[in-house]
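Undergrad: I have a structure here, written as structure tokens, and I will follow up with some questions on it.
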Amino acid sequence: MEQGARPDKTADFSGLRCPRLVIAIIHTLTLLQPNQILQVTADDLNAPSSVAAWCRQSDHELLEMVESNGRFTFTIRYRPTQPTHE
């Protein structure tokens, strides 16, 4: 995982539980350009395993995952699988 990557967008999804958390991440990533970075904060105890598994399955790159005081911060590089239309 790449540490210290600067996010292009941040989002606080505290209070959301999986699968809603992952759905919110998916929606937010679609607002980014390919290879941009999203930093997400969440407090769902299942988030580390859910977000990591989703990133592996969707080919997005989980750059960093940090836990502090029951809150998790995920840094994700957006890697769309389909061409974008400009």
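What follows draws every value from the coordinates through simple rules; no lab data is involved. Every value quoted in this text rests on a predicted model; they were computed, and no experiment measured them. Here Cβ is always computed from backbone atoms with ideal geometry, including for glycine, and neighbour counts include all displayed protein chains.
Rundown of residues vs (1) crowded, with 17+ Cβ neighbours inside 10 Å; (2) touching a His at 6+ places or on another chain (Cβ under 9 Å); (3) hydroxyl-bearing (Ser, Thr, Tyr), yes/no style:
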| site | (1), (2), (3) |
| --- | --- |
| Asp12 | no, no, no |
| Leu16 | yes, no, no |
| Leu29 | yes, yes, no |
| Gln33 | no, no, no |
| Pro48 | no, no, no |
| Cys55 | yes, no, no |
| Asp59 | no, no, no |
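Undergrad: Sort through Asp12, Asp43 and tell me the only one that's within 16 Å of Phe72 (Cα to Cα) and in contact with a Gly (Cβ under 8 Å, 6 or more places away or on another chain). Don't jump to the end; show me each part of the working.
TA: Working: Asp12 fails: in contact with a Gly (Cβ under 8 Å, 6 or more places away or on another chain).
Result of the check over Asp12, Asp43: Asp43.
Undergrad: Tell me which residues, restricted to segment 1-33, are touching a residue at least 12 places away in the same chain (Cβ under 8 Å), over 21 Å from Asn69 (Cα atoms) and of a type in the set (Lys, Arg).
TA: Arg6, Lys9
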